[in-house]
Amino acid sequence: MTLLSKDLILNSNDLPSDIVEVPQWGGSVKVRGMTAGERDRFEDMIRTKGLGALRATLAAMCIIDEDGKRLFTDIEVNKLGDKSAEALDLVVEVASRLSGLTPEDADFLENS
């Protein structure tokens, strides 16, 4: 196994992504896993503010454009939260998987 250098680690493309079909929106979106920093902020938000806007926040953090940039800003989370729960669930399911979030993580965060 290769011993990695700092440059190899920092320059690796390690964020997985997937295309998610969202029939309610009439097409597909590209979803990627959260960065470690995004996941820390997401978990901190849940600890401090509770589970309100959970789906919309996770979707906003993980829906990206063709260049890998977020489509939605933190300010637009509420607008995304006004969309179909069923549609957001399709995105959230993939975003959770790509970000390594498990049901056990959710239980831990809810109870901490």
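Structural remarks
- Test: residue 49 is among the charged types (D, E, K, R) and at pLDDT 90 or above: no
- Scanning the stretch 11-23 for residues that are under 12 Å from residue 98 (Cα atoms), part of a loop (DSSP other than H, G, I, E, B) and open to solvent by less than 70 Å² (accessible area, probe 1.4 Å) gives 15, 16.
- Test: residue 69 is over 22 Å from residue 15 (Cβ atoms) and open to solvent by 50 Å² or more (accessible area, probe 1.4 Å): no
- Just one of the listed residues (54, 101, 10, 58) is of a type in the set (A, V, I, L, M) and more than 11 Å from the chain's Cα centre (by Cα), namely 10.
- Whenever a residue of the stretch 10-23 is under 16 Å from residue 87 (Cα atoms) and free of Cβ contacts under 8 Å to residues at least 24 places away in the same chain, it has no partner that is assigned to a loop (DSSP other than H, G, I, E, B) and open to solvent by 100 Å² or more (accessible area, probe 1.4 Å) lying with C-beta atoms less than 6 angstrom away and at least six residues away or across chains.
Yes/no per residue for (1) assigned to a helix (DSSP H, G or I); (2) polar (S, T, N, Q); (3) touching a residue at least 24 places away in the same chain (Cβ under 8 Å):
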{"position": "7", "(1), (2), (3)": "yes, no, no"}
{"position": "31", "(1), (2), (3)": "no, no, yes"}
{"position": "34", "(1), (2), (3)": "no, no, yes"}
{"position": "47", "(1), (2), (3)": "yes, no, yes"}
{"position": "60", "(1), (2), (3)": "yes, no, no"}
{"position": "76", "(1), (2), (3)": "yes, no, no"}
{"position": "87", "(1), (2), (3)": "yes, no, yes"}
{"position": "92", "(1), (2), (3)": "yes, no, yes"}
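- Residue 26 being at pLDDT 95 or above, closer than 19 Å to residue 90 by Cβ and loosely packed, with under 10 Cβ neighbours inside 10 Å: yes
The values are calculated or read from the model by the stated rules, or taken from the named source; none is laboratory data. Values in this document were obtained by computation on a predicted structure and should not be read as measured data. Neighbour counts are summed over all protein chains in view; Cβ atoms, including those assigned to glycine, are modelled from backbone coordinates with ideal geometry. Accessible surface areas use protein heavy atoms only, side chains included; no ligands, DNA or RNA. Shrake-Rupley method; radii C 1.70, N 1.55, O 1.52, S 1.80 Å.
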